[in-house]
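Below you'll find the structure, written out as structure tokens, and then a few comments.
The values are calculated or read from the model by the stated rules, or taken from the named source; none is laboratory data. Values in this document were obtained by computation on a predicted structure and should not be read as measured data. Cβ coordinates were reconstructed from backbone atoms using ideal geometry, including for glycine residues, and neighbour counts include every protein chain displayed.
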Amino acid sequence: MLDLAFFRSHFDEIAARLATRGGSLPLERLRELDGKRRAAITEAEQLKARKNAESQKIGQLKRSGADTTELQAAIRAIGDEIGARDKEVEAVDEEFRLLLSGIPNVPHETVPVGRSADDNVEVRRHGAPPAFDFEPKAHWDLGPELGILDFDRAAKLTGARFALYWGMGARLERALVNFFLDTHTRHHGYTEVLPPFIVNSDSLYGTGQLPKFAQDLFRLDKRSGDEIEPTDYWLIPTAEVPVTNIYRDETLEPERLPVSLCAYTPCFRSEAGSYGRDVRGIIRQHQFQKVELVKFTRPEDSYAELDKLTADAEDILVRLGLPFRTVVLCTGDMGPSSAKTYDIEVWLPGQNNYKEISSCSNFEAYQARRAGIRYRTGKKTDYVHTLNGSGLAVGRTWVAIVENYQQKDGSVVVPEALRPYLNEEVIRKP
RNA sequence: GGAGAGGUGGCUGAGUGGUCGAAAGCAGCGGUUUGCUAAACCGUCGUAGGCCUUUAAAGUCUACCGGGGGUUCGAAUCCCCCCCUCUCCGCCA
């Protein structure tokens, strides 16, 4: 959510910077509503002040034995007037808040201006794509051939965009989760948390998924008899939601900052509107696993912490010996809540291209303002900055390993760093 | 799911429908005292929003005592619904 005072005093600047995201935003309407809202509030509150003052007189009059019926009637009339005014305030306020909460974050000044993913800017590259003396296969062929990945039965069990892992496939996925968590907790200073995988709508609002992106989420139903009614429980689309909301409506002590947390969770996404994209393989599934990094920082430290967080995610790929590049997303490609985002893209031989495996963002105070996460600054409080990034997406790392470490005979070499977790050096057909 | 108890400011904890935004204590902050620490004493100390103001501060008003609705001139206090916590019972990994 935008800082209202800043919005009022820097309207033109904010409008110009938001325009770089592309699309049009109802900023003029928001400014107009802001004025209407304030006028309505002032009017209603003046009436309330009058009513309160009159009401207090009744107490005094009654004690002195005076008759108050006439005064009571007069106050009741004010009360009716207030009721009408309050309805106005409520109507304006509701539209105002809905509009305001839909305004995306203002891009940081270092974010390149652009329209689409084509305008993202590569900032570094690590490792070189492996050279094969044979035609490398994509994981959707390799996996089933190795007997570690089964799409047919997953479709039977559930439907499209789900996967069933067998044997070494399942163990590889589990090994990656442990390797990620161990690396971040032992070497990068994160504290591990294990949050609920179901959250309420307040949490989703806090991190910005609601109200705008309900269609991307799975919501749980409750049935009583023949009635099916929605609950306020939603499957998490990312650990960002429960972990960031850990401190919702709390004030943190400044000496505790930055707080660095990491969490393993499954993630559930309806992927509405993505039909036809990444339909093959496990790149885009309704359910996947992820280890997420989340930080709460002082505002002045957040960009240094974003660099560290991004480096912590990259370090996993370095340790696994996987080639990757890091790009900074342009204004037109960034998520609405983010002020600046780095995507880490791993090399996938099956696609002959780099593919996003982590997205590291600084939300500045955008989420903190929505979620009420503050820290103490002397006598006052201020909003923290929140950051997060995948460290990493487990399924896509699984794909990267299988595709990059594949051999001519169809087996897959296990990267050194994972061998303590798998107790195997090669994945081959059983 | 059933029965009971309870949800008040950072924490503990009072509160009779009428200056209750709310006693008291602790913690915090400022100060006095002190060689330093501690103790003692004095003061200060919620959040959000509106108005005023060059921003802020100050001032003033409004709202907030788990959430929502209701009764009343007036609700932390009375009524209804919901949520959460605790104890016991049932079911269950």
Review point. Is one or more of the residues making up the stretch A:268-275 at pLDDT 90 or above, closer than 26 Å to residue A:182 by Cα and touching a Gly at 6+ places or on another chain (Cβ under 7 Å)?
Key: no
Point to revise | Filter result for residue A:79 (near RNA strand B (Cβ under 8 Å from one of its atoms), part of a helix (DSSP H, G or I), of a type in the set (Gly, Ala, Ser) and more than 30 Å from residue A:30 (Cα to Cα)) | key: no
Check your understanding: Filter the stretch A:55-71 for residues that are loosely packed, with under 14 Cβ neighbours inside 10 Å and near RNA strand B (Cβ under 7 Å from one of its atoms); which is nearest to residue A:5 (Cα to Cα)?
Key -> A:56
Check your understanding: Do you know which residues across the stretch A:193-204 are polar (S, T, N, Q) and part of a helix (DSSP H, G or I)?
Key -> A:201, A:203
**Study point:** Residue among A:51, A:87 that alone is within 12 Å of RNA strand B (Cβ to nearest atom) and either modelled with pLDDT of 90 or more or in contact with a strand residue (DSSP E or B) (Cβ under 9 Å, 6 or more places away or on another chain) (or both)
**Key:** A:51
Revision key, fill the gap. Per the filter on the stretch A:264-306, residues surrounded by fewer than 21 Cβ atoms within 10 Å (Cβ to Cβ) and more than 30 Å from residue A:175 (Cα to Cα) are A:272, A:273, A:275, A:276, A:298, A:299, A:300, A:301, A:303, A:304
Check your understanding: Does residue A:97 meet the test of being within 22 Å of the chain's Cα centre (by Cα), crowded, with 17+ Cβ neighbours inside 10 Å and at pLDDT below 95?
Key -> no
Check your understanding: Is it true that some residue in the stretch A:182-192 is free of Cβ contacts under 8 Å to residues at least 60 places away in the same chain, crowded, with 19+ Cβ neighbours inside 10 Å and part of a helix (DSSP H, G or I)?
Key -> no
Exercise for review: Scan the stretch A:115-127 and give yes if some residue there is assigned to a helix (DSSP H, G or I) and either crowded, with 16+ Cβ neighbours inside 10 Å or among the aliphatic types (A, V, I, L, M) (or both), otherwise no.
Suggested key: yes
Check your understanding: In the stretch A:291-313, how many are in a helix (DSSP H, G or I) and aromatic (Phe, Trp, Tyr)?
Key -> 1
Practice item. All but one of (1) within 12 Å of RNA strand B (Cβ to nearest atom); (2) touching a residue at least 40 places away in the same chain (Cβ under 8 Å) hold for residue A:74, so report the exception by its number. Key: (2)
Revision key, fill the gap. Quick count over the stretch A:1-47, residues being within 14 Å of RNA strand B (Cβ to nearest atom), charged (D, E, K, R), over 15 Å from residue A:339 (Cβ atoms) and outside the structural domain of residue A:78 (by TED's automatic domain parsing), is 1
Point to revise | Close pairs (7 angstrom Cβ cut-off, 6 or more residues apart or separate chains): without any contact (Cβ under 8 Å) to a residue 60 or more places away in the chain in the stretch A:37-66, in a helix (DSSP H, G or I) and near RNA strand B (Cβ under 6 Å from one of its atoms) anywhere | key: A:51/A:75; A:51/A:79; A:54/A:75; A:55/A:75; A:58/A:72
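Show me the strands (runs of 3 or more DSSP E) found entirely inside the stretch A:333-382 where at least 3 residues are within 16 Å of RNA strand B (Cβ to nearest atom) and in contact with a helix residue (DSSP H, G or I) (Cβ under 7 Å, 6 or more places away or on another chain).
Fully inside the stretch A:333-382 and qualifying: A:373-377.
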Check your understanding: Checking residue A:295 against (1) out of contact with any Ser or Thr (no Cβ under 8 Å at 6 or more places or on another chain); (2) basic (Lys, Arg); (3) over 22 Å from residue A:159 (Cβ atoms), which test does it fail?
Key -> (1)
**Study point:** Members of the stretch A:131-172 that are surrounded by fewer than 19 Cβ atoms within 10 Å (Cβ to Cβ), in a helix (DSSP H, G or I) and not aromatic (Phe, Trp, Tyr)
**Key:** A:141, A:144, A:145, A:152, A:153, A:155, A:156, A:157, A:167, A:170, A:171
